[in-house]
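Readers should treat all values here as calculations from the given coordinates under stated rules, not as data from a laboratory. Since the structure is predicted, the reported quantities are computational estimates derived from the model, not experimental observations. Counting neighbours? That spans all protein chains shown, and the Cβs are built from the backbone with ideal geometry, glycine included.
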Amino acid sequence: MATANGTPVTAEEVEALRKQLEELQASLKKKEAELELVAPYSRSYGRTMVKSVLENESEGLSLVGKTIRVGGWVKTGREAGAGAFAFLEVNDGSCFQNIQIMVDKEVAEEAGGLKQLTPTSTCVLIEGVLAQTPPGTKQKVELKATKVVHVGGTDPAEYPLAKKKQSMEFLREKAHLRPRTNTIGAVARIRNALAYATHKFFQDRGFLYVHTPIITASDCEGAGEMFQVTTLLSKVDEVPEEAPPSPEQLKALQDQVAAQGAAVKEAKAAAAANKEDKAAAAASKEAVAQLLKLKEQLAKAEEAARNAGGIPKTAEGKVDYTKDFFSKPAYLTVSGQLNGEYYACGLSNIYTFGPTFRAENSHTARHLAEFWMIEPEMAFCNLDDDMQCAEDYVRYCCKFLLDSCRPDLEFIAKMIDKTAIERLEQVANSSFKRVSYTEAIEILEGVVASGKKQFEFPVSWGIDLQSEHERYLTEEVFKQPIIVYNYPKDIKAFYMRLNDDNKTVAAMDVLVPKVGELVGGSQREDRLDVLTRRITETGMPLEAYAGYLDLRKYGTVPHSGFGLGFERLILFATGLDNIPAAPQTLTGRAAVLSVDSPTAHSRMVVLHTADGKRVPLQATQQQLARVRTGQHLTVTGAWRASPTVAAAATGAAGAAARPRFTAANIVASGSGPVAPPPRLTVQPAAGRHLLQSGVVRSTNQLVAADVPTVFIPIASAGAGGSSCPGSGSVKFTAQQVRAAVFAESNPSGTTVGSLFNQCSFGKTKLTSATSRVVEPVTLPCSGTDAGSGQPWSWNTCDFNDFDGWANAADAKLEAAGVDLSAYKYRVYLMPPSQCPWLGLGYVGCDGSFTCRAWIHADAWTSPQPLMHELGHNLYMGHATSLNDDGTQNDYGDSTCVMGHCCDTRCPNTPHSWQLGWLSVQQLDGTSLTPGATVSATLPSSSVSAQSGLRVVPNWAAGAAPVFLGVRSTANGDAGLAASLAGQVQVYTANITNTYDAGNSETRWEGTLAAGAAWAHPTAGLVVRVKAVSAGGATVTVCRKAGAETAASCALGLDNDCNGLVGAADPACPKPLAQSIRPIPRKRVARPPRGLAKQALVRRSAV
């Protein structure tokens, strides 16, 4: 192209002129805004937008002295000058900045006073005069109020959004109010700017904006991951007028039809034999009518039977879509591309910008169920042109955002992602480097070979690049956006043009820092024969793509296009994870896991959904502490990438993040187990251990008579037997494990089996008759779980990893003929891995899922860790104590197998009672009255199942029950520390029954020798040890009743529980004879004898 004088026009000249034009248009727009400040559709209120004041060229100074009205919501308000005036920071959403308004007390009086204006989120419309602020003030102008036109009040005590940074999970619960927050407001303006930039970019370059259908019958991607649209479900809950027929009723109708059919044949034969016989003819006609009626009844019955559940079915048993709204299967669109190609192949360059939906089982910030897509399609365009268009568009959006949303971006950089502006500037100002797929793979393989980086997903030619690969290329190798092109055909869609090598297709992805893939596109396959073959290879029906194929029959044209997920562009610009319009909700049954690290434990909850998924939940420990195994949960939240367990424990940088559902709210229903357990039973005490009548003995249901367990040693090995990254060689053999587990394999040693037998007094057994240790199962270095679709490896440690290891081991054993259904409990003995914990196990198993525990590589042959994790499976929590500073020591109870590792010992008294192994004496407010002291003899629980005392202080709200027990170094307690034997151990625990996994932690309060005492901190309960011996102890338990009184002392009660009663208690009053001083006698004249007798009688009466 040339100018009028013949001089060629350059692209640079055109771009310069376009820039000048844009600057002039922007300047004109600002001048027009200053000329007319009132917003066009707020003229009835005379309202001026804050942006018109603070974002004009002079930042408001040119408007000083003008009277305007500003309306919006108070961000912050404060009274000053001893209540003489108030400052309000008001925002109306038009820009990030707030305008400061100064309101005098007199002006505010008509609106109810200053206190009506200052609460956060109060809506105000205020008239005033713009004034210049003093030098050094952040804003150059403020509004001095002259009139309060409108007040929409807010109760500050009830307003849920405090003036602090709120989590995104919390804001999802307050979707109706969150647009008033800085973060959501900034993102909304950024989203608006990017949408405007999208339209401006394509419109300025001659593209037509077209709308493509949202409801479609075709699958553009060919992956089948689509949301179905149907009206058939509306009738599922309808109650039919008549119940569907049973199989027996159907069979009876079919027999009637068959019998009537035979009768029709006979009647017709009779009528044919004598055509003059009118009665025979009538009988034949009646038989046919009866047959037709029966056939109609049978057809209706068969249809009713097929439609059981409300969904109509065909005779073949498939859904009858002819009864549906569209008369065929219909779906929400996954892409407007195919329809976009229709338009491009007749109108040249077009673009779509609309919602799309994908039912992908991918729980990351990069994949949403609903999102908006920008999809241009261009005729006479090859892959090179396509890549250039994608680059130009992305760079244009970044530059537009930097120019138009700087205050919002500065907030994002300050509060969310400090690299946001730097990243946008880099992309806006950098050309995108082109890298072939093959070259990218070679780079990544070289990085792995050199030891610089180990990826969670192995690298080889033919894989689909994962986010970690894409981000490494952009952030570490090239340090800029890149475009990867010419991908293997087997990992790309059918419509991408096959290259001449017959191995790759002309596809490209734009990869950017922070996100990875931002744009995906390709040159479309324009050859009819090749496209037909590609569709057939995918197994899709050609009929569904008849129109698409016709484009290649009638005037085919080389064309290309790409798609960009709009939410992913926002993620790139802001650093924020996905911000869906509403929270997501998951439902399922809870499985609680205890993660036992060397110094502390954490709680993990996995949601088992109805469709077989296992979803680890991210929540606070306080939220998770309320969840019990087996409960039905309704969880509201969102998918978030969460650090792996290994990364969280070690602080490792760069460890891969895994998707975990971040819970904003958890609603639990049901007590836990599928079948509620029987209540605890109480019987009269055997013997007179307690010196007060009416005391009972408490016995729980036995947790299990047998613990059928399979122990599964696991080894890891790479190709050719090489060691796997993050793993190593196993340290023990299966035979060594058997010697640690079964008493039959190690009669003279301590084993898991001997501990179960001795600690339960033979009530619960773990033997080789019903349990087994299999030979080691070797797993590869990484894999993908067949059920969840989630990857696992030995180089990371999260639920997806150890769940994947277990599932992979199970699959190999079942393939080898091992019947795992014979074992309720499965213990996986791990090879060296990145997991920092010593063991991990489900807390309680209600039968609705496989009961599992995992053991660290160093602990395969240690009976205590093995029994500890099986203890979790049996509903036991940890045996804790308090540190000197008042914090909890999760493993602080040295008397219990559920405490610290690794001395062998039985469960403590409350846990043994929980399991049904001990029958304990019990006191409560009825049997332990105020001021009373009760004495009890406690045999050692190491040798007697009739041992221990449980005191339930039901007179003190919230007070935990107290357990007392005595132990000795015998049987399962042979490993108990000598300093703890022959002493009284004091515990508190809120456990109520065998299956009480929610309250299953116990606390060791201390050890008492003879003569020692312990007082309950809140219940007014005092325990004293009267005597101890190798076989047990005698203790007293006293319940306080306040200060001593004359009555308590006379009755022998111990109100203050100091261990002294009556005259021996210094707090008791002195005896009456010692405390009353005698009155001195007076001499009087002796009365006459008769009068003296009368006086004596009167005195006696008195």
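Structural remarks
- Listed residues 14, 376, 729: farthest to the positive end of the dipole of the chain (Cβ charges): 729
- Within the shell of other residues whose beta carbon sits under 15 angstrom from the beta carbon of residue 179, the net charge comes to +4, with Lys and Arg scored +1 and Asp and Glu -1.
- The residues packed around residue 1052, meaning those with a beta-carbon under 14 Å from its beta-carbon, carry a net charge of -4 if Lys and Arg are +1 and Asp and Glu are -1.
- Spatially proximal lysines relative to residue 235 (Cα-Cα < 19 Å; intrachain offsets below 8 disregarded): 300, 313, 318, 323, 328
- Contact order, relative form, for the range 714-785: 39 percent (alpha carbon pairs under 8 Å, 6 or more residues apart, mean separation divided by residue count).
- Measuring nothing but how far apart in sequence close Cα pairs (under 8 Å, 6+ apart) lie, relative to its length, the chain scores a relative contact order of 6 percent.
- Leading residue at positive end of dipole, the range 37-159 (Cβ point charges), from 39, 118, 134: 39
- Principal-axis tilt of helix 11-35 within the chain, Cα atoms, nearest 10 degrees: 60
- The amide H of residue 504, built 1.01 Å from its N in the peptide plane, has 489, 499 as neighbours under 5 Å, considering only residues 5 or more places off or on other chains.
- Selection from 87, 897, 1004, by position along the positive dipole direction of the chain (Cβ): 1004
- Local net charge near residue 758, Cβ-Cβ under 14 Å (Lys/Arg +1, Asp/Glu -1): +3
- Normalised by 2.2 N^0.38 Å, where N is the number of residues, the C-alpha radius of gyration of the range 912-1064 stands at 1.06.
- The lysines whose alpha-carbon is closer than 27 Å to the alpha-carbon of residue 19, local same-chain residues fewer than 8 away aside, are 29, 30, 31, 51, 200, 399, 433.
- Helix 528-538 vs. the chain, principal-axis angle (Cα, 0 to 90°, nearest 10): 10
- In the distance distribution for the range 37-159, Cα-Cα pairs more than 19 Å apart total 42 percent.
- Along principal axes, Cα extents of the chain, largest first, whole Å: 158, 112, 87
- Highest-first packing order for the peptide set 544-552, 698-706 is 698-706, 544-552, based on the mean count of other beta carbon atoms within 10 Å.
- Taken one residue at a time, the phi angles of the range 270-277 give Karplus couplings (6.51, -1.76, 1.60, θ = phi - 60°) of 5, 5, 5, 5, 9, 5, 7, 7 Hz. Gly and Pro are set to x.
- Dipole in debye (nearest 20) - the range 772-900, about Cα centre, beta carbon charges: Lys, Arg +1; Asp, Glu -1: 400
- Ranked by the mean number of other Cβ atoms within 10 Å of their residues, highest first, the peptides 111-122, 843-854 come out as 843-854, 111-122.
- Förster radius 45 Å - calculated FRET efficiency between residue 1030 and residue 610 (Cβ-Cβ, nearest 0.05): 0.20
- Taking a ≥ b ≥ c as the square roots of the eigenvalues of the Cα gyration tensor, the range 832-884 is classed as oblate, since a/c reaches at least 1.5 and a/b does not exceed b/c.
- Magnitude of the charge dipole, the chain, Cβ model with Lys/Arg +1 and Asp/Glu -1, debye to 20: 6180
- Rounded to 0.05, the FRET efficiency of the residue 819 and residue 702 pair, given R0 = 35 Å and the Cβ-Cβ distance, is 0.85.
- Excluding exposed DSSP-loop GluC sites (Glu not before Pro) (at most 12 other C-beta within 10 Å), longest clean stretch of the chain: 317-1102
- Degrees between helix 799-815 axis and first principal axis of the chain (Cα, 0 to 90, nearest 10): 90
- Rotationally averaged projected area of the range 239-323 (alpha carbon convex hull; nm²): 7.1
- Unit charges on C-beta of K, R, D, E only; dipole of the range 912-1064, Debye: 160
- Principal axis dimensions, the range 702-889 - Cα atoms, whole angstrom, descending: 49, 48, 34
- Normalised contact order of the range 702-889, rounded percent, pairs of Cα under 8 Å and 6 or more residues apart: 25
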